[in-house]
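A short worksheet on the structure shown next.
The values are calculated or read from the model by the stated rules, or taken from the named source; none is laboratory data. Given the structure is predicted, the values throughout are model-derived calculations rather than measurements. Here the Cβ positions follow ideal geometry from the backbone for every residue, glycine too, while neighbour counts run over all protein chains shown. Side chains included, ligands, DNA and RNA excluded: accessible areas come from the protein's heavy atoms. Shrake-Rupley method; radii C 1.70, N 1.55, O 1.52, S 1.80 Å.
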Amino acid sequence: MENQSSSEEPRSMETNSEIEDSSSSRTRTSESDDPMATYHSSGDEAATQEVNIIYMMWMASQLSGGRVLMPEHNIGLRGNQYIEAVLNGNPRTYKTMFQMEVPAFRYVCDLLRQSFIMDPTERVSVEESLGMFCLLVGHAQGQRIVGDRFQHSSETINRHVKTVMRALHQLGRTVIRPTNTDGVHPYITRNPHNYPWFEKCLGAMDGTMIDAAAPSRLSNAYRNHRGRIAQNVLCLCDFDMKFTYVYTGWEGIAHDAQVFLDALSRSPNKFPWPPQGHYYLVDSAFPCIEKFMPPYPRERYHRSDRYSGHQFRGYKDYFNFCHSSLRNIIERTFALLKNRFLILNAMPRYRPTRQGMLVTACCTLHNLIKTVTPNDEFIQATLALQFSEENMDAADHLGETSEVVDVSYESAGVMAAQRDGIAIPMWEDRFGE
């Protein structure tokens with residue numbers, strides 16, 4: 001019995017091993033025969049890899065501050081490529097973008113290089129820097145928008161705009177000055193209402209309100225009579241519609257006469273005094289003193305005040321009409337300046353000193369544009385401005401005179417007599433009275 005049982009145990013063990021081998025072989029056979037099993041196995045591995053990739057991206061985003069870093073400027077042409085494409089493209093497109101024609105742009109760039117006022121940097125050329133400045137001041141665009149256009153950072157845009165502004169401000173010492181002081185200007189000789197009566201007139205002077213960005217503690221000082229936060233800029237222009245003197249730095253609440261007396265009384269301001277016997281036209285806000293001719297007080301002045309049929313009431317009324325027509329040159333010059341440089345109507349929050357430099361830079365650029373392109377869409381006539389070593393040297397001594405502002409009754413009497421010497425003969429010549 002014992003031998004029989006012992007002989008059965010190995011047989012049963014063999015049977016169990018055979019059963020396991022057969023079951024495993026059937027399993028392998030079924031897996032190899034079932035294609036879906038293979039598909040599910042490979043799909044699980046791909047899903048696992050995808051989960052690992054997502055997890056690694058999430059960890060990278062957490063380590064980088066919660067977001068994946070991407071380049072800020074990675075679209076469009078780079079700044080130098082954009083400038084070259086526009087310069088060689090449609091002229092109307094360039095005029096629209098930079099508010100000037102291509103010859104004027106190239107002239108300003110050459111002038112900045114030749115005068116050694118501004119040099120190109122390693123990555124930005126003079127053309128690109130001037131293009132940044134013109135786009136910003138011409139369309140009152142923010143620095144981020146200009147940076148997106150030129151594919152530069154805001155810091156780069158700010159640095160180059162400031163460089164161009166300082167260069168034009170320095171160049172203004174030569175450009176903003178009287179250029180035609182010999183003889184009578186053709187603008188006067190071509191008009192019989194002005195010649196020969198105003199043959200000694202050299203230009204017109206007035207103040208204009210330009211938007212300002214003032215700190216809250218100084219907002220009342222910069223608020224003018226119209227309720228705008230502005231700065232009062234005193235300007236003098238000739239009959240070429242070029243600025244010959246620009247004086248910035250006064251708040252909007254200041255009166256034109258106050259700014260006028262301050263500009264004349266400070267010798268560092270280098271005011272261009274007219275020669276003896278010549279004068280500038282001013283409006284009734286300015287004092288009646290020698291070399292500055294205002295209209296007759298308490299008389300109609302503006303051209304809109306005329307009656308139908310030019311029914312003048314006397315020589316004073318007629319003189320004021322001619323005076324207003326001729327002095328209107330400064331108002332049209334202001335309009336051209338503000339229409340070309342829209343930033344003057346929406347001043348950024350720069351420091352007050354930088355705002356004044358920006359106004360001077362725009363006036364300098366205005367004169368240069370009128371020099372090169374007399375048929376510009378903003379203007380119709382101009383005279384050529386010649387830059388030479390003689391003119392550059394003479395600019396340092398311009399306005400250094402021993403003139404003293406004379407606001408006495410004697411000075412007012414001299415100007416009143418000169419005004420009567422024009423008004424009475426002009427009235428008699430026109431109406432024979």
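The figures follow:
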item	result
Residue count for region 105-144, restricted to those that are aliphatic (A, V, I, L, M) and part of a helix (DSSP H, G or I)	9
Residue identified as in the same structural domain as Gly131 (by the TED database) and touching a residue at least 24 places away in the same chain (Cβ under 8 Å) among Arg223, Arg166	Arg166
Within region 150-169, tally of residues that are closer than 18 Å to Ala346 by Cα and open to solvent by less than 30 Å² (accessible area, probe 1.4 Å)	2
Cross-chain or 6+ apart pairs with Cβ under 7 Å, region 245-266 first and open to solvent by less than 10 Å² (accessible area, probe 1.4 Å), then of a type in the set (S, T, N, Q) and part of a loop (DSSP other than H, G, I, E, B)	Gly252/Asn224
Extreme residue, nearest to Met100 (Cα to Cα), among residues of region 128-144 that are open to solvent by 40 Å² or more (accessible area, probe 1.4 Å) and of a type outside the set (A, V, I, L, M, F, W, C)	His139
From Gly172, Gly183, Gly147, residue being surrounded by 15 or more Cβ atoms within 10 Å (Cβ to Cβ) and either in a loop (DSSP other than H, G, I, E, B) or modelled with pLDDT of 90 or more (or both)	Gly172
Of residues in region 103-125 being at pLDDT below 90 and of a type in the set (A, V, I, L, M), the one surrounded by the fewest Cβ atoms within 10 Å (Cβ to Cβ)	Ile117
Residue within region 274-285 that is at pLDDT 95 or above, more than 24 Å from Val108 (Cα to Cα), in a loop (DSSP other than H, G, I, E, B) and not polar (S, T, N, Q) present	yes
Among the residues listed as Ala230, Ala213, the single one being open to solvent by 10 Å² or more (accessible area, probe 1.4 Å), within 24 Å of the chain's Cα centre (by Cα), within 20 Å of Leu358 (Cα to Cα) and not charged (D, E, K, R)	Ala213
Odd one out for Leu77 among (1) part of a helix (DSSP H, G or I); (2) within 23 Å of the chain's Cα centre (by Cα); (3) modelled with pLDDT under 85	(1)
